[in-house]
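*Asks:* Please see the structure below; I have some questions.
The values are calculated or read from the model by the stated rules, or taken from the named source; none is laboratory data. All values derive from a computational prediction rather than experimental measurement. Note: ideal-geometry Cβ built from the backbone for every residue, glycine included; neighbour counts use all protein chains shown. Areas reflect the complete protein model, heavy atoms only, side chains present, ligands, DNA and RNA absent. Shrake-Rupley method; radii C 1.70, N 1.55, O 1.52, S 1.80 Å.
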Amino acid sequence: MQLRQSQNLGLKDWEVKANMVNELVWFPTNKCLIDGAWVDSELNNEIELINPSNGRLLSRIARASKNDVKNAISAASVALEKTWGEKTALERGRILLKMSQLVIKYSKNLAHLESLDVGKPLSQAKNDVIALARYLEFYGGAADKIHGMTIPFQNDFSVSCLRERLGVTAHIIPWNYPMQIIGRSISASLAMGNACVVKPSEEACLTALAFGEIATEAGLPAGALNIIPGFGFEAGQALAASKKVNHISFTGSLLTGISVQTAAAQNVVPTTLELGGKSPQIVFDDANLKRAIPFLVNAGIQNSGQTCSASSRILVHETIYRDVVEKMSGMYKNLRVAPAIEDYDLGPVISRRQMDIITSYQNKCSDLKLLAEGSLMEGTNNQGYYMSPKLFETENYRHSVAQEEIFGPIQIIIPFKNEQEAIKIANSTDYGLVASVWTENGSRQLRVAKAVKAGQIFVNNYGAGGGVELPFGGIGRSGHGREKGFESLYSFSQLKTIANFHG
Ligand code: NDP
């Protein structure tokens, strides 16, 4: 494999200017990280990254070809046989911990890059950096603490089950939370001793590249982490269809998830799919509204609603319905939308295409009552992709906007009469990612939490996917497999049973 090495991209060292520069075009971000080197893509072709806050060119990234993907997979396979594969669990853990420390060291720059690239308010991007560091810390600490088991079989046998790595793992990353999703997926896989090939989204890619630089600085051996920016239909598809990949972790849309799983099935490769949702929060008449209201709203508008675990349906008991409507509307009227770096409540959405999708859903809301909306601040009358958050109400929980994932700042509030009806409405969509139950009644908390179909249920809280330690994943069309917590370490490994006869 002939690869041409380039100098460091310099993204992690990028000095944040006091006046918050909005363009990065001078950075050589048009490279792939393959076998520890920053190389040109074979096609020598680039993809333009657009700044969602002003619609202008932000930077250019590489357009990886099928051959580049092949090279990245080969580099990962070689690292497994040599350098990376020879590390002990303790050594792997220490490298991840070092990466975590470096993420903190460069946190200001990472947050700024993520904010510019994704269009999310700066303070939300800062939280994402902290989450990335925390994933690396959690899995770095766990690397040497995950054990196999022994089984008391027949007396003349000793049976042990070893937990072994899978091999080369592929990670297909969406644009909404690049840092967090790379963090949760890569760190668990590396902790188990796998080598990774990452395909970031063509729409937001800069922190993925900066992360590659951080991994190199932390001493991660060449080939253990390869990053191949490019188009989904090209680089993504080639990665998903590769016979040499041993596991695929995908986060994104339902349709692309189905396509990835279909490709993986041809090679009998396991997948973890996280495909979004239509997550409900159920508010009973004894709920502590002072605590609940900010969670009800924030879980819907965070990252402009472009969050897999966004809570887009608010189900409220009829006796407190008007009160909740009034309180949520009050919050909505104070929500402000502004360029990401100015750090108001919402930034722009990611792209013109996403804006068009959300607008089409807004149009479908024409027969619903609009209760309240936020306001666009100065600076949003440029070419950026700004949308004010909107709160609608309906009694028709079967309405398409109350059933389909919108992936934008729209929440629907729906009344219910009793517990049975609340559960029926909550379970009425094809999705099941996250839900919450707001009530002070202990037995109802558990009853409803058990009855609602979702992979993660909060009681008197809502964590938008929250908690590095907490297993997370979907039911039904929200996907399958679990990420986060120790569960993820099981997903990125396999058990080998050794039955030793010594009679
Ligand atoms: P996709 O699901 O198409 O993209 C997610 C990732 O998959 C990206 O890296 C993408 O690359 C890649 N990809 C695309 N096609 C293929 C393929 N055939 N094989 C392998 N990888 C592929 O989401 P979009 O960005 O197109 O967004 C569309 C909708 O998806 C949104 O409106 C939203 O509803 C949903 N979505 C859900 C997310 C979640 O967190 N659950 C995250 C993002 C989107 P590339 O970017 O180059 O196309």
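*Asks:* So which of Val103, Val118 is buried (at least 22 other Cβ atoms within 10 Å of the Cβ), under 21 Å from Ala142 (Cα atoms) and touching a helix residue (DSSP H, G or I) at 6+ places or on another chain (Cβ under 9 Å)?
*Replies:* Details: Val118 fails: under 21 Å from Ala142 (Cα atoms).
Criteria check complete, one pass: Val103.
*Asks:* Assuming Asn176 fulfils every condition listed in (1) more than 16 Å from the ligand (Cβ to nearest atom); (2) farther than 22 Å from Asn246 by Cα; (3) not β-branched (Val, Ile, Thr) apart from one, which condition is it?
*Replies:* All conditions are met except number (1).
*Asks:* Going by the conditions given, is Ala292 away from the ligand (no atom under 15 Å from the Cβ), more than 25 Å from Glu440 (Cα to Cα) and open to solvent by less than 10 Å² (accessible area, probe 1.4 Å)?
*Replies:* Details: away from the ligand (no atom under 15 Å from the Cβ): yes; more than 25 Å from Glu440 (Cα to Cα): no; open to solvent by less than 10 Å² (accessible area, probe 1.4 Å): yes.
When the stated conditions are applied, Ala292 does not pass them.
*Asks:* Sticking with this structure for a sec: If you go through region 427-451, how many residues are within 28 Å of Asp128 (Cβ to Cβ) and either free of Cβ contacts under 8 Å to residues at least 12 places away in the same chain or open to solvent by less than 10 Å² (accessible area, probe 1.4 Å) (or both)?
*Replies:* 7
*Asks:* Quick one: how many residues across region 256-271 are over 19 Å from Ile406 (Cβ atoms) and open to solvent by less than 30 Å² (accessible area, probe 1.4 Å)? So that I can check it myself, show each step before the final result.
*Replies:* Filtering region 256-271 down to residues over 19 Å from Ile406 (Cβ atoms) leaves 258-271.
Subsequent filtering for residues that are open to solvent by less than 30 Å² (accessible area, probe 1.4 Å) retains 260, 263-264, 269, 271.
Residues in region 256-271 being over 19 Å from Ile406 (Cβ atoms) and open to solvent by less than 30 Å² (accessible area, probe 1.4 Å): 5 in total.
*Asks:* Pull up region 267-298, narrow it to residues that are acidic (Asp, Glu) and not in a strand (DSSP E or B), then point me to the one that is nearest to Tyr361 (Cα to Cα). Break it down into steps so the answer makes sense when it comes.
*Replies:* Filtering region 267-298 down to residues acidic (Asp, Glu) leaves 274, 285-286.
Okay, now just the ones that are also not in a strand (DSSP E or B), so 285-286.
On the way: Asp285: 30, Asp286: 33 Å.
Filtering first and then ranking leaves Asp285.
*Asks:* Considering each of Ala208, Ala240, Ala222, Ala235 in turn, give the residue that is farther than 23 Å from Asp117 by Cβ and within 11 Å of the ligand (Cβ to nearest atom). Don't jump to the end; show me each part of the working.
*Replies:* Details: Ala208 fails: farther than 23 Å from Asp117 by Cβ; Ala222 fails: within 11 Å of the ligand (Cβ to nearest atom); Ala235 fails: farther than 23 Å from Asp117 by Cβ.
Matching residue, one of Ala208, Ala240, Ala222, Ala235: Ala240.
*Asks:* Determine which member of the set Ala142, Ala170, Ala133 is within 16 Å of the ligand (Cβ to nearest atom) and either open to solvent by 60 Å² or more (accessible area, probe 1.4 Å) or of a type in the set (A, V, I, L, M, F, W, C) (or both). Before you say what the answer is, go through the steps one by one.
*Replies:* Working: Ala142 fails: within 16 Å of the ligand (Cβ to nearest atom); Ala133 fails: within 16 Å of the ligand (Cβ to nearest atom).
Residue meeting the stated conditions: Ala170.
*Asks:* Within region 250-262, track down each residue that is in contact with a Ser or Thr (Cβ under 9 Å, 6 or more places away or on another chain) and over 21 Å from Ile350 (Cβ atoms).
*Replies:* Once the filter is applied, which keeps residues that are in contact with a Ser or Thr (Cβ under 9 Å, 6 or more places away or on another chain) and over 21 Å from Ile350 (Cβ atoms), region 250-262 yields only Gln261.
*Asks:* Next up: Quick test for you: out of Ser253, Ser304, pick the one residue that is farther than 21 Å from Cys196 by Cα, within 12 Å of the ligand (Cβ to nearest atom) and open to solvent by 50 Å² or more (accessible area, probe 1.4 Å). Lay out the reasoning, then the answer.
*Replies:* Values: Ser304 fails: open to solvent by 50 Å² or more (accessible area, probe 1.4 Å).
Criteria check complete, one pass: Ser253.
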